[in-house]
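So the structure is just underneath, and the comments pick up after that.
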Amino acid sequence: MARRVHAPPTGELAIVFCDVQDARVLWDRAAHSMQAALELYQRLMREVISDLGAYEVRIKGDAFMIAAPDATLALRLCFEAQRRLLECPWPGAIMQQPSGAVVETEDGAPLFRGLRGRMGIHAGRPRCKPDPMTGRMDYVGGMVNRAARVADAAHGGQILLTHAAFEALDEGVDAHWRDLGVHRLRGLRREEHLRQALSIPLAARRFPPVRTF
């Protein structure tokens, strides 16, 4: 069934970047299964984008750029994507790799399973201009670059937000928060105050220090 295409947001909005941890390694070690896993991942992400009313800006392999009308919806999108990634029927060869292996709590609840999406959210006012070749809305500028760098700093299964994204959230967002402090992001002069958000069911996830300078 065709997915609904939502109108691209403009003005104040949130940008989400998402890609897969260790994708190159998985392609090298399990190429046939990775092809099937990538198709599952792309379909899953597009379903989440459509279901939650966000806008797919572009995709390149396992890397998605998504525009959401506000930071709260962007965070809900990330939570829902992480949930569906955990439940997806990944090929067995993917879950036999270290970056796709099943990790459970002491009670046997899954924390990681299959492809692990790294996600970053930033809020602001990017430059919005339709692509003359495709007609699709494109988003450019420093705000977009910062969102991409935030996602680069994350680990698989982790969701990071900038201070602007955190401040733009609606009150009472149900999440497990961790303040990660101020960091220097690759290629950017201005430091960023990062926060980690986890949905309550996945609050037991643990990660190494963020990948910043």
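The values are calculated or read from the model by the stated rules, or taken from the named source; none is laboratory data. As the structure is a prediction and not an experimental result, all values here were calculated from the model. With ideal geometry, Cβ positions are generated from the backbone for all residues, glycine too; neighbour counts draw on all protein chains shown. The protein model used for the area step is the full one, side chains on, heavy atoms only, and it has no ligands, DNA or RNA in it. Shrake-Rupley method; radii C 1.70, N 1.55, O 1.52, S 1.80 Å.
Couple of notes before you dig in:
- Segment 150-179 versus segment 36-69: alpha-carbon centroid distance in Å: 19
- His163 versus Arg83: modelled label distance in nm, points set 7 Å from Cα along the beta carbon direction: 3.2
- Segment 54-94: C-alpha gyration tensor shape, a/c 1.5 cut-off, then a/b vs b/c: oblate
- If the segment from His176 to Arg46 were pulled out straight at 0.36 nm per residue, it would be longer than the present Cα-Cα gap by 44.3 nm.
- Net charge dipole size for segment 32-149 [Lys, Arg +1 and Asp, Glu -1 on Cβ; Debye, nearest 20]: 600
- Low-density loop cleavage sites - GluC sites (Glu not before Pro) in segment 84-192, where at most 10 other Cβ are within 10 Å (DSSP): Glu106, Glu171
- In segment 101-146, taking the dipole from charged Cβ atoms about the Cα centre, the farthest positive-side position among Pro132, Gly114, Gly142 is held by Pro132.
- Average silhouette area of the chain, convex hull of alpha-carbon atoms, in square nanometres: 12.4
- Calculated FRET value between Met133 and Thr105, using beta carbons and R₀ = 30 Å, to 0.05: 0.05
- Order by protection proxy (mean Cβ within 10 Å, highest first), peptides 130-136, 90-96: 90-96, 130-136
- Alpha-carbon Debye profile of segment 104-155, log10 I(q)/I(0) at 0.13 Å⁻¹: -0.52
- Selected from Ala63, Ala74, Ala123 as most flexible by GNM, with the chain as the system and alpha-carbon contacts under 10 Å: Ala63
- MRE, 222 nm, helices only [DSSP H, n ≥ 4, -39500 (n - 2.57), over the chain, to nearest 500]: -9500 deg cm²/dmol
- Counting only Cβ charges, +1 for Lys and Arg and -1 for Asp and Glu, the dipole size of the chain around its Cα centre is about 700 debye.
- Per-selection metrics, segment 16-103 (Cα): Rg and Dmax in Å: 13.2, 39
- Surface exposure of the chain, expressed per residue as accessible area with a 1.4 Å probe, stands at 51 Å².
- Cβ-defined net charge surrounding Asn145, 12 Å radius [Lys, Arg +1; Asp, Glu -1]: +4
- In Å, descending, principal axis extents of the Cα set of segment 10-52: 43, 18, 11
- Computed in the context of the full set of protein chains, the accessible area of the chain at 1.4 Å probe radius has 50% of its extent on carbon or sulfur.
- Shape call, segment 69-161: gyration tensor on alpha carbons, a/c limit 1.5: prolate
- Asp28 accessible area, 1.4 Å probe, all protein chains in place, Å² to nearest 10: 130
- Overall, the ratio between the Cα radius of gyration of segment 100-213 and 2.2 N^0.38 Å, rounded to two decimals, is 1.21.
- Summary of packing: across the peptides 32-39, 109-116, the per-residue average of other C-beta atoms within 10 Å ranks them, highest first, as 109-116, 32-39.
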